[in-house]
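Enquirer: Take this structure first; my questions come after.
No value in this document is a laboratory result; all are computed from the given coordinates. Being a predicted model, the structure only gives us computed values, none of them experimental. Cβ: placed from backbone, ideal geometry, glycine included. Neighbour counts: every protein chain shown.
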Amino acid sequence: MPLYEFECRSCGFFEHVRERRDAGRPLACPTCDGPARRVYSSVSVRTTPPPHRKAAEDSRDRIRRARTGEPRLVRRRRGP
């Protein structure tokens, strides 16, 4: 379930985990039990490393193999 940010006028900001279908509904402040409204903010979600990091790792690998003289692995395709 997503984590949402809410604001209470008297207590300030707090976060709460709730289902997406209930995200827009008001919530009671956990401190003073007063009404709190949802605050919309930007989201940053990353599930994989950025492409430039992968490219940098590949480059470092190629440079390391070239310096050590390690042979490149070649796979043959199996065919009919």
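Enquirer: Please give the contour-minus-distance gain from residue 58 to residue 74: 0.36 nm per residue of separation, less the Cα-Cα distance, rounded to one decimal in nm.
Expert: 4.1 nm
Enquirer: Using amide H atoms built 1.01 Å from N in the peptide plane, name the residues 5+ places from residue 37, or on other chains, whose amide H lies under 5 Å from its own.
Expert: Amide H neighbours of residue 37: 7.
Enquirer: In whole Hz, what ³J(HN,Hα) sequence does region 7-23 give by Karplus (6.51, -1.76, 1.60; θ = phi - 60°), x for Gly and Pro?
Expert: Here the 3J(HN,Hα) series is 10, 9, 4, 9, 9, x, 8, 8, 10, 8, 8, 8, 5, 4, 5, 9, 4 Hz.
Enquirer: Multiply the residue separation of residue 32 and residue 3 by 0.36 nm, subtract the distance between their alpha-carbon atoms, and state the gained length in nm to one decimal. List each step's numbers first, then the result.
Expert: On the way: separation 29, 0.36 × 29 = 10.44 nm, distance 2.04 nm.
Gain on stretching residue 32 to residue 3: 8.4 nm.
Enquirer: Using mean Cβ contacts within 10 Å as the protection proxy, how do 6-13, 19-26 order, highest first?
Expert: Sorting 6-13, 19-26 by mean packing, highest first, produces 6-13, 19-26.
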